[in-house]
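Right, one structure below, let's go through it.
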Amino acid sequence: MSRSVLVTGGNRGIGLAIAHKFADSGDKVVVTHRSGPPPEGISGVFCEITDPASVATAVEEARNLHGPIEVLVANAGITRDGLLLGMSDEDFVEVVTTNLLGAVRAAREVLTDMAKARCGRIVFVSSVSGLAGAPGQTNYTAAKAGLLGFARSLAKEMGPRGITVNVVSPGLIDTDMAQGVTGARRDQLLKETSLRRAGTPDEVAGAVHYLASESAGYITGANLPVSGGGMLGN
Ligand code: NDP
């Protein structure tokens, strides 16, 4: 089975690992890219996820490349950390617009294809911080927690059409985004994991790939932490 898969923010980091995972198992993958070129050997479409017209165009271009979208992985995200006392509206809104609204818009654009086919898989990349909270990340955690509620509601809306909607919540994963987490903060986060280490993009990709697989056909509205046993119970 070779499906038409779209991964947002797939030119680097976790998104790139996800794209490779699907491509390696024979799916037809398109990634969205923005500031850099698409990765070698994988189709890319430009997308600025904060711009609804750009999201619509990107999905249309992906559809033209490989057919109606059967799997969406909404992965694009940013951080703009700082204590709320000093945080501008702009930094709050940019993070929510990218991490939450960007994912909402991407999902809405692919739903017509999936509803018509009466099947589909949507996976949102959230964060364990969205469940547990994190100082300096009120904007990011609001957006990531928002994804959970959104996914559960969408799972209920689209379940009758055979579409599953799930969330993967990574802990600390070594990518460009995690470069800013250093020193005592990094040590503390690693100490909170059961496995005492950061995760790899490929470990997140494995979880996403599973939730999009046939084996996960009866899983919807779920959240799968990929956190090395960090923040258990949230
Ligand atoms: P990176 O910073 O390495 O990559 C982020 C990706 O998102 C890039 O492809 C980037 O594109 C894209 N992106 C960001 N903003 C936009 C935008 N406005 N429009 C289009 N694309 C955009 O991060 P990670 O790979 O680490 O993170 C991937 C996801 O995983 C994110 O949602 C993040 O919140 C989540 N996550 C990461 C964790 C970690 O420790 N790394 C932990 C928990 C969750 P561009 O190259 O153009 O900037």
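Every number in this text was worked out from the coordinates using simple rules, so none of it is lab data. Being a predicted model, the structure only gives us computed values, none of them experimental. Cβ: placed from backbone, ideal geometry, glycine included. Neighbour counts: every protein chain shown.
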Inset, instruction - Assign unit charges at the C-beta atoms only (+1 for Lys and Arg, -1 for Asp and Glu), then state the dipole size of the range 22-143 relative to its Cα centre in Debye, rounded to the nearest 20. - result: 440
Inset, instruction - May I ask for the distance between the Cα centers of the range 38-95 and the range 163-191, given as a whole number of Å? - result: 19
Legend entry - Cβ-based exposure ranking for T138, T182, T98, in which fewest neighbours within 10 Å come first: T182, T138, T98
Inset, instruction - Express the relative contact order of the chain as a whole percentage, based on alpha carbon pairs under 8 Å and six or more residues apart in sequence. - result: 20
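Label the range 1-150 by shape, choosing from rounded, prolate and oblate, from the square roots a ≥ b ≥ c of the eigenvalues of the Cα gyration tensor; if a/c is under 1.5 it is rounded, and otherwise prolate applies when a/b is larger than b/c, oblate when it is not.
Prolate, because a/c is 1.5 or more and a/b exceeds b/c.
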Legend entry - Axial C-alpha extent at least 27 Å, average Kyte-Doolittle at least -1.0 - helices from the chain (DSSP): 138-158
Legend entry - Added length on full extension, which subtracts the Cα-Cα distance from 0.36 nm per residue, D176 to D24: 52.4 nm
Legend entry - Burial ordering of E40, E70, fewest other beta-carbon atoms within 10 Å first: E40, E70
Legend entry - Fraction of alpha-carbon pairs over 14 Å apart in the range 171-234 - percent: 62
Legend entry - Whole-number percent relative contact order across the range 142-234, with pairs defined as alpha carbons under 8 Å at least 6 apart: 42
Inset, instruction - Using a cut-off of 15 Å between beta-carbons, work out the net charge of the residues near L232 (Lys and Arg +1, Asp and Glu -1, L232 not included). - result: +1
Inset, instruction - Select from N11, G86, V59 the residue farthest towards the positive end of the dipole of the range 1-134; place +1 on Cβ of Lys and Arg, -1 on Cβ of Asp and Glu, and compute about the Cα centre. - result: V59
Inset, instruction - Output the relative contact order of the range 51-137, whole-number percent, from Cα pairs under 8 angstrom with separation of 6+ residues. - result: 46
Legend entry - Given charges at beta-carbon only (K, R positive; D, E negative), |dipole| of the chain in Debye: 600
Legend entry - Computed FRET value (nearest 0.05) for M1 with E157, which takes r as the C-beta separation and R₀ as 22 Å: 0.30
Legend entry - For V93, V168, V226, V104, order by how many other beta-carbon atoms lie within 10 Å, fewest first: V93, V104, V226, V168
Legend entry - Rounded to the nearest 20 debye, dipole of the range 154-234 from Cβ charges on Lys, Arg, Asp, Glu: 220
